[in-house]
Each structure stands twice: as structure tokens, then as C-alpha cells.
Amino acid sequence: MKKILLTSTGFENENIKNKFLELLNCDVTKVKVLFVITAANNPDAVRILSKCLDDITNCNIPDENITIYNMHKLLTQNEINEYDAIYVCGGSTEYLANRISELNFKTIIDKYIENGGIYIGVSAGSVAASGSYKNGLCFIENNLDVHCESGTENGIITTNNDIFLTDNQAILIDENESIIFE
């Protein structure tokens, strides 16, 4: 079952945080998160990493259950399947998409999601999961733009339309549909 959340700013909006907790549907103190910092390759993006980490810890997920990963080597399918959620931070989308392609990370992530794992994208982590970068994850075919002043109307996403997310919106992708909400 697909469980994918694409956001501009992570869990700033309490509804997005609550949707993540709903997708987990388990004791959060036992949840393991892979915290992917690969896209944070410039000073502005590095400054945001602590806010992203706060998103996870504010869900009451213990620090010792969070693993920082920079995509310098490919994790095996068994290693990645140990995590309940993968939280992919923002920064350079192009760099992130290139690392995904170079490591053939899409194959591992696709199987992870098929097995019930949760993918959370923040900013570049979301754009790299859209159709904007063909060497990215392509969970949706649509091009995606984040941090927009005015966003695409909430509701079901239709194919081949560009999507614009405000900082309060997210995309939920599951087995049946892709929907924008706030």
C-alpha cells in the first residue's frame, strides 16, 4: 500500500503531521525513521535541517530511532525495510535527483513503499519525487513546485497538470488516488 506525503515545509501544518501519524498507525516510540539529508548541500538548506529533525522528534519519535543518511552508499533492501518512514529533506533537487539516479535508489524505494513503508518529502525531497525530474522517483507524473504563494486547489490531482504547493499544503499519494490537502 502506497503511503507518500509530499510537502513544502514538512509538518509545519498540524494537519500534515497528523496525517503522518495516522499513516504510521502504531506506537510512535517504536517507529524508526531514515532521515535523508542528501539535498542539503548549501548553507541555507543545512540551516533548515534542525527544523526538519524537530518535525520527527515532535511526533515523539525517540532520537535513537532516527538514522541520518546522506546517500553516499546504497542501502540494501533489507536495511531500508527496517525503517517505518523515510523523511527526505530539502535543498538542491538536482543534486538529490542525480544521487537517486546514480545509486539506483528508485528501485529500492519503490519496493520499500510496496512493502508499506512511508515516504515523506520536504521541498526538494518532494520535487524529486514528482515528475519534475525524470531521474528522480516519479511517484506522480506531474511537475511540482513548492513554497508557492498560491497553490493548486485542494482535491484530487489530475494527471499532466503542474502542481503548486503552498507551505501549508501537502500531497497524499495512496493506492487509490493522489490528493492535495491542507
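Every number in this text was worked out from the coordinates using simple rules, so none of it is lab data. Nothing here was measured: the structure is a model prediction, and the numbers come from that model. Don't worry about glycine lacking a Cβ; one is built from the backbone with ideal geometry, like all the others, and counts go over all protein chains shown.
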Just for the Cα atoms in the chain, what are the lengths along the principal axes, largest first, rounded to whole Å? 38, 35, 34
DSSP beta bridges in the chain, what fraction antiparallel, as a percent rounded to 5? 35
Here the membrane-span-like helices of the chain, with no claim about any membrane, defined by DSSP H, Cα axial extent at least 18 Å and mean Kyte-Doolittle at least -1.0, are 43-57
Asp162 and Asn176 label points (each 7 Å along its Cα→Cβ direction) are spaced in nm at 3.1
Could you tell me which of rounded, prolate or oblate describes the stretch 27-122, using a ≥ b ≥ c as the square roots of the eigenvalues of the alpha-carbon gyration tensor, with rounded for a/c under 1.5 and, failing that, prolate when a/b is larger than b/c and oblate otherwise? oblate
Just how large is the dipole of the stretch 1-69 about the Cα centre, in debye to the nearest 20, putting +1 at every Lys and Arg Cβ and -1 at every Asp and Glu Cβ? 260
Give me the number: length gained by fully extending Glu12 to Leu74, i.e. 0.36 nm times residue separation minus the C-alpha to C-alpha distance, one decimal in nm. 19.3 nm
Given only helices, namely DSSP H runs of n ≥ 4 each adding -39500 (n - 2.57), what is the per-residue ellipticity at 222 nm of the chain, to the nearest 500 deg cm²/dmol? -8500 deg cm²/dmol
Quick one: grab the alpha carbon gyration tensor of the stretch 79-182, order the square roots of its eigenvalues as a ≥ b ≥ c, and give me rounded if a/c is under 1.5, else prolate or oblate depending on whether a/b is larger than b/c. prolate
Which entries of Lys17/Lys73; Lys73/Lys106; Lys32/Lys111 show an alpha-carbon separation above 23 angstrom in the structure shown? Lys17/Lys73
Which distance in nm do the two modelled labels at Leu21 and Met1 give, with both placed 7 Å along the Cα-to-Cβ direction? 1.9
